[in-house]
Amino acid sequence: MAEKGPRFQPRHSYFDSLDPHSWINNNEMRGFYVMFNIVSICYILGTCALHLDKEGFLLEGSFFAGMMKDFKVVLVLWPGFFAWSWNAYFLQLLVLKGLPKVLTGVIQHSTQSLMFVTAWYLVYSREWEFCQTVFVTFLALVHFMKMHSFTLVNRDLRRAWLKDPKSNSGYPGNLTPRNFLTYMVCPVLVYQVSYPRTPKFRPGYFLAKTGELLLKLVLLYIITEDHIIPVLKEAHKLKFLECFSRLLLPCILFYLVFFETLFEHILNLFAELGQFADREFYTDWWNCAGWTEFNRKWNRPVHLFMSAHVYRECIDNFGWSPTLAKFTTFLFSSLCHEMVAAMILRVIKPYLMAFMLLQLPLMFLFGPFTESKAGMYLFWLGICAGPPLIITLYLQA
């Protein structure tokens, strides 16, 4: 699971249609990507016209009304979590002043944990809907990982600096507000002293990306409101197979559009704000023939965090074996996913956690297929059938 080669370097995103150097703009398959965007636009316009003709409004509004609940509270959460994350920066300044190790650990873990406590309190006390719950939970997770990485990397830099004050590690000169702000804005979960930068901020690119983001958010809204929520509302009346079958296509469409929305639009917007040059937030996970490869390719920011601060931490600082470190990494990841599911559904049914841990024996069981087309079929079977199966289990089991 350890990353090979430079962790961050100037790279282009695969499906960035606005980047002339991206893979999709220099590949014979680029026409299919254009077709996907045209189909998305036609589907949105057709759905809006149908709603307008039948109900008198462009989009069904009940889901939107739920999204707007406590909008003012949700609006201040992002700057609130961002401001709270600066505790990690101020903690490092205190460490430079000689703060004891024990007290450093107490402050570190208490400030990081308090974000999850805040998220849980808001979700349960205000009875938030799906969107608010997902938003605050992901905010807590992202800022936890950023704070945790900043603390651990500076701990290692400090150790190297104490051994050799003349070392070229950049510590403690990196402990400046500007350096920390750059880290917080850049779409990374692993801290390092400096990152590869683009020459300048491009306003035209940023506005075009924002337009693409809004388009895909509307598409996600329609898929959810018109094809997923009706099944969720009727789930108690449906047979297991019927519920699963009706969720199958909407779930895979939602998964693919959500992937593009997050990794191609949202992260690129933050990258442009921070002039962050490494836009490789994912690689060709669609060609995977096994779950080991998929976990490494589909979400590189999280993969890098898990590799550096869970897997390597277990080996380098606790002396654990690679096998135990890998199991711990999967366990930590599955617990995080299960926490999100529990907060959304307000119930603990560890189906998601079980399916994620099931990847471990599947990696060995399907090992012989990882270099074959059969392995790719098995992988895509899991991608297509997994989400609707898990949702159906949560709803009916």
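Results, tabulated for the structure shown:
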read-out	value
In segment 198-251, the residues that are within 30 Å of Leu175 (Cβ to Cβ) and under 22 Å from the mean Cα position of the chain (by Cα)	Phe206
Qualifying residue in segment 69-88 (condition: touching a His at 6+ places or on another chain (Cβ under 7 Å), without any contact (Cβ under 8 Å) to a residue 40 or more places away in the chain and under 30 Å from Gly173 (Cβ atoms))	no
Qualifying position, being closer than 25 Å to Phe305 by Cβ, touching a residue at least 12 places away in the same chain (Cβ under 8 Å) and surrounded by 14 or more Cβ atoms within 10 Å (Cβ to Cβ), among Phe135, Phe206	Phe135
Gly386, sole failed condition from (1) over 19 Å from the mean Cα position of the chain (by Cα); (2) of a type outside the set (Ser, Thr, Tyr); (3) in a helix (DSSP H, G or I)	(1)
Selection status of Ile348, in contact with a Pro (Cβ under 7 Å, 6 or more places away or on another chain) and free of Cβ contacts under 8 Å to residues at least 12 places away in the same chain	no
Pair list, Cβ < 8 Å and 6+ apart or interchain, from segment 99-116 residues that are without any contact (Cβ under 8 Å) to a residue 40 or more places away in the chain to residues that are loosely packed, with under 12 Cβ neighbours inside 10 Å	none
Exclusive hit being in contact (Cβ under 8 Å) with a residue 40 or more places away in the chain and farther than 30 Å from Phe206 by Cα, set Ala277, Ala289, Ala271	Ala289
Of residues in segment 381-397 being among the hydrophobic types (A, V, I, L, M, F, W, C) and in contact (Cβ under 8 Å) with a residue 40 or more places away in the chain, the one farthest from Leu238 (Cα to Cα)	Ile383
Any hit, segment 244-258, residues being crowded, with 18+ Cβ neighbours inside 10 Å, part of a loop (DSSP other than H, G, I, E, B) and out of contact with any His (no Cβ under 8 Å at 6 or more places or on another chain)	no
Test: residue in segment 46-56 that is loosely packed, with under 12 Cβ neighbours inside 10 Å and not in a helix (DSSP H, G or I)	yes
Residue, nearest to Gln9 (Cα to Cα), within segment 298-357, restricted to residues that are among the β-branched types (Val, Ile, Thr) and part of a helix (DSSP H, G or I)	Val302
Qualifying residue in segment 175-185 (condition: touching a strand residue (DSSP E or B) at 6+ places or on another chain (Cβ under 9 Å) and surrounded by 13 or more Cβ atoms within 10 Å (Cβ to Cβ))	yes
Some residue of segment 145-161 being modelled with pLDDT of 90 or more and over 19 Å from Leu94 (Cα atoms)	yes
Total residues in segment 18-41, condition modelled with pLDDT of 90 or more, in a loop (DSSP other than H, G, I, E, B) and either more than 16 Å from Ala277 (Cα to Cα) or of a type in the set (Gly, Ala, Ser) (or both)	1
Output for segment 84-108, where each listed residue is more than 25 Å from Ala119 (Cα to Cα) and either touching a strand residue (DSSP E or B) at 6+ places or on another chain (Cβ under 8 Å) or not in a helix (DSSP H, G or I) (or both)	Lys97, Gly98, Leu99, Pro100
Single residue of segment 97-124 satisfying the filter (within 21 Å of Cys336 (Cα to Cα) and among the hydroxyl-bearing types (Ser, Thr, Tyr)) that is surrounded by the most Cβ atoms within 10 Å (Cβ to Cβ)	Thr111
Candidates Phe270, Phe263 - the one that is within 22 Å of Pro187 (Cα to Cα), hydrophobic (A, V, I, L, M, F, W, C) and out of contact with any Lys or Arg (no Cβ under 9 Å at 6 or more places or on another chain)	Phe270
Filter result for Tyr377 (without any contact (Cβ under 8 Å) to a residue 24 or more places away in the chain, over 19 Å from the mean Cα position of the chain (by Cα) and surrounded by fewer than 18 Cβ atoms within 10 Å (Cβ to Cβ))	yes
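To keep it simple, each residue is scored yes or no on (1) within 24 Å of Glu272 (Cα to Cα); (2) at pLDDT 95 or above.
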position: Lys166; (1), (2): no, no
position: Thr210; (1), (2): yes, yes
position: Glu225; (1), (2): no, no
position: Pro230; (1), (2): no, no
position: Leu253; (1), (2): no, no
position: Leu256; (1), (2): yes, no
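Results for (1) of a type in the set (Ser, Thr, Tyr); (2) crowded, with 19+ Cβ neighbours inside 10 Å; (3) farther than 22 Å from Gly382 by Cβ, shown as yes or no for each residue.
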residue	(1), (2), (3)
Leu269	no, no, yes
Val302	no, no, no
Met306	no, yes, no
His309	no, yes, yes
Trp320	no, no, yes
Thr329	yes, yes, no
Leu335	no, no, no
Ala341	no, yes, no
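The values are calculated or read from the model by the stated rules, or taken from the named source; none is laboratory data. Please read all numbers here as calculations on a predicted model, not as lab measurements. When we count neighbours, we look across all protein chains shown, and the Cβ atoms used for this are built from the backbone with ideal geometry, even at glycine.
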